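To start, the structure under review is shown below, and the notes come after it.
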Amino acid sequence: MELEQMTPRRPYIFRAFYDWILENDFTPYIVVNTSVYGVLVPQEFIQNNQIVLNIAPQSVGQYLATNEQIEFNARFSGVPQHIVVPMAAIEAIYARENGVGMGFEDEPQYHAKRETSSQQPVQSKPKPNPFRVVK
């Protein structure tokens, strides 16, 4: 079987580094290519088509990592945001405290997703709270 026919390695390596960084009591950060279709992040924090995100458990809520994407809720300048990052958009994961981590190589399975969309990335909006306070 050719590499192009296999599933991408990135989700598996990403989860391994994420766990390893946390297990060593460090803070996992990711570098995201915001030109990849499907990235949902606050536009005002993007620089040169990249954003760096703190994905430590104490910094995010409702974190979910699948083979296709990671998503979570976080606050930016006090404003709650729902963040979606396709795996194709994650360029690196590293520990904030010492910079140790890994940059991800290009994988053929992500070529179509890596091409810059003709649409501008969508600005993240807070996800409505499904719960309400009853008095």
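The values are calculated or read from the model by the stated rules, or taken from the named source; none is laboratory data. All of these numbers come straight from a predicted model, not from anything done at the bench. Note: ideal-geometry Cβ built from the backbone for every residue, glycine included; neighbour counts use all protein chains shown.
Return the total of residues in the stretch 10-35 being out of contact with any helix residue (DSSP H, G or I) (no Cβ under 9 Å at 6 or more places or on another chain) and either among the basic types (Lys, Arg) or free of Cβ contacts under 8 Å to residues at least 60 places away in the same chain (or both).
8
Residue check: is Leu53 buried (at least 16 other Cβ atoms within 10 Å of the Cβ), under 18 Å from Asn67 (Cα atoms) and not basic (Lys, Arg)?
It is false that Leu53 is buried (at least 16 other Cβ atoms within 10 Å of the Cβ), under 18 Å from Asn67 (Cα atoms) and not basic (Lys, Arg).
Mind checking which strands (runs of 3 or more DSSP E) fall wholly inside the stretch 1-101 and carry at least 3 residues that are within 27 Å of His111 (Cβ to Cβ)? Show your work before the answer.
On the way: elements: 28-33, 50-54, 61-65, 69-76, 79-86, 90-95.
Output list reads 28-33, 50-54, 69-76, 79-86, 90-95.
Among the residues of the stretch 36-61 satisfying the criterion of being in contact (Cβ under 8 Å) with a residue 12 or more places away in the chain and of a type in the set (S, T, N, Q), which is farthest from Phe76 (Cα to Cα)?
By that ranking, first place goes to Asn49.
Residue-wise test of (1) surrounded by fewer than 16 Cβ atoms within 10 Å (Cβ to Cβ); (2) under 19 Å from Pro57 (Cβ atoms); (3) at pLDDT 95 or above.
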residue: Glu71; (1), (2), (3): no, yes, yes
residue: Ala74; (1), (2), (3): no, yes, yes
residue: His82; (1), (2), (3): no, yes, yes
residue: Met87; (1), (2), (3): no, no, yes
residue: Ile90; (1), (2), (3): no, yes, yes
residue: Ala95; (1), (2), (3): no, yes, yes
residue: Gly99; (1), (2), (3): yes, no, yes
residue: Glu107; (1), (2), (3): no, no, no
residue: His111; (1), (2), (3): yes, no, no
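Listed residues Ala95, Ala88, Ala74; which is more than 29 Å from Gln5 (Cβ to Cβ) and touching a residue at least 40 places away in the same chain (Cβ under 8 Å)?
Sole residue among the options that is more than 29 Å from Gln5 (Cβ to Cβ) and touching a residue at least 40 places away in the same chain (Cβ under 8 Å): Ala95.
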